[in-house]
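Trainee: Please see the structure below; I have some questions.
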Amino acid sequence: MGLLGNLSSDSLNSFNSQGYLVIESFADHEEIEAMRNRMVQLLEGFDCSTASVFSTKNQQKVTDDYFYESAEKISFFFEEKAFGDDGNLKQPKELSINKVGHVTITVRIKETNLAIPGKIGAALHELDPVFKKFSCSEKLSNLMHSLGYKRPVIIQSMYIFKQPGIGGEVVPHQDNSFIYTEPTTCTGLWMALEDATITNGCLWAIPGSHKNGLVRRFLRGEKGVYFDRPSPAYDQKDFVPIEVKAGSVVLIHGDLIHQSFENQSANSRHAYSLHVVDTDGCKWAPENWGFFALLPSTAYCFILVSFDSFVSLDSFRIRRKVEAEPLYAS
């Protein structure tokens, strides 16, 4: 595949200055409908008797059994406000899901043959053909080529619903806090599958905030996962709304401070989110909450593993059925 950068110099300058860039009409109507219809099919086959709740307010709560044991599956996570006091869903499951997109793999320590459940943030773009077709498209590769990526790998994909009335808040954060490489290389691609407005919970960002660097990191220690320092107090007047039409993609620098508010409207705000890192010349810090490993094979693998205990790089091997191939290698 011959790669051609599809961003103009003005667009690149804007991204480098503001920390984000809106590209309108990146996905056409057929692509949007294909992804939305496929998600309807996935939801129809989802058994909601086992539930996991996703929250950005308390990151420690996301590491429950369902999160870790959903081995090699596309997993579903509910909104915090989806359940009533009796523990039952207050509305149909298709109006209760927060996001879809994680898959679990198994790590086996050679000396003990102990299997440890882990998480790989790469589900839809690898396991589902409809989402894979869009995620691995030539235009997306051209986009990453424009940003200077030499061997980009999608390490996380999520379908986000932002349900009407209960779509939860996403607190101010930086993607590099969770997806940290040395040097930092994470870029988020937030694809609007419906119009995103102030009323239904669009993204908000502090323009230029990426220039101040990484504020804090999300780590894993003996007592679990934690942030290495408190969150700064942000002035909400510094945030600007990023309202976009369906089909637009928002490029997000890994150090950009961004958030979204609860969806208190009667309209959903579906989006497909990808996070990409460059596997050329970067490494995953050992003190991170997870562990990335470049595995020897004909295609490079970049896999996120969350350990219940620390192990050294040379003390384990990863047994997996899915290899995460780079979008391209230049």
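The values are calculated or read from the model by the stated rules, or taken from the named source; none is laboratory data. Given the structure is predicted, the values throughout are model-derived calculations rather than measurements. Glycine gets a Cβ as well: all are built from the backbone with ideal geometry, and neighbour counts include every protein chain shown.
Trainee: Quick one: in the range 129-180, of everything that is surrounded by fewer than 18 Cβ atoms within 10 Å (Cβ to Cβ) and on the phi > 0 side of the Ramachandran plot, which residue is modelled with the highest pLDDT?
Mentor: So, considering only residues that are surrounded by fewer than 18 Cβ atoms within 10 Å (Cβ to Cβ) and on the phi > 0 side of the Ramachandran plot, the one modelled with the highest pLDDT is Gly148.
Trainee: Where in the range 1-69 are there helices (runs of 4 or more DSSP H), lying fully within it, with 1 or more residues that are modelled with pLDDT of 95 or more and crowded, with 18+ Cβ neighbours inside 10 Å? Working first, answer last.
Mentor: Working: elements: 9-18, 29-44, 65-69.
Qualifying helices (runs of 4 or more DSSP H): 9-18, 29-44.
Trainee: So which of Asp255, Asp228 ends up being within 28 Å of Asp278 (Cα to Cα), acidic (Asp, Glu) and modelled with pLDDT under 95? Give the derivation first.
Mentor: Working: Asp255 fails: modelled with pLDDT under 95.
None of the others qualify; the one that does is Asp228.
Trainee: If you don't mind, another one. Report the residue count in the range 182-192 for those that are surrounded by fewer than 24 Cβ atoms within 10 Å (Cβ to Cβ), out of contact with any Gly (no Cβ under 8 Å at 6 or more places or on another chain) and modelled with pLDDT of 95 or more.
Mentor: Counting residues in the range 182-192 that are surrounded by fewer than 24 Cβ atoms within 10 Å (Cβ to Cβ), out of contact with any Gly (no Cβ under 8 Å at 6 or more places or on another chain) and modelled with pLDDT of 95 or more gives 1.
Trainee: Further question on the same structure: If we keep just the residues of the range 206-248 that are among the aliphatic types (A, V, I, L, M) and either in contact with a helix residue (DSSP H, G or I) (Cβ under 8 Å, 6 or more places away or on another chain) or without any contact (Cβ under 8 Å) to a residue 24 or more places away in the chain (or both), which is surrounded by the fewest Cβ atoms within 10 Å (Cβ to Cβ)? Spell out how you get there, then give the answer.
Mentor: Taking the range 206-248 and keeping what is among the aliphatic types (A, V, I, L, M), we get 206, 214-215, 219, 225, 233, 240, 242, 244, 246.
Going one step further and asking which of them are either in contact with a helix residue (DSSP H, G or I) (Cβ under 8 Å, 6 or more places away or on another chain) or without any contact (Cβ under 8 Å) to a residue 24 or more places away in the chain (or both), we end up with 206, 214-215, 225, 233, 246.
Numbers: Ile206: 22, Leu214: 14, Val215: 20, Val225: 16, Ala233: 6, Ala246: 18.
Selected residue: Ala233.
Trainee: Please specify each residue of the range 142-167 satisfying the condition of being more than 16 Å from the chain's Cα centre (by Cα) and more than 28 Å from Ser9 (Cβ to Cβ).
Mentor: Gln163, Pro164, Gly165, Ile166, Gly167
Trainee: Next up: Could you check the range 175-189 and list, in sequence order, the residues that are in contact with a Leu (Cβ under 6 Å, 6 or more places away or on another chain) and either outside any strand (DSSP E or B) or among the hydroxyl-bearing types (Ser, Thr, Tyr) (or both)? Outline the logic, then answer.
Mentor: Here is the first cut: in the range 175-189, the ones in contact with a Leu (Cβ under 6 Å, 6 or more places away or on another chain) are 176, 189.
Once the filter is applied, which keeps residues that are in contact with a Leu (Cβ under 6 Å, 6 or more places away or on another chain) and either outside any strand (DSSP E or B) or among the hydroxyl-bearing types (Ser, Thr, Tyr) (or both), the range 175-189 yields only Asn176.
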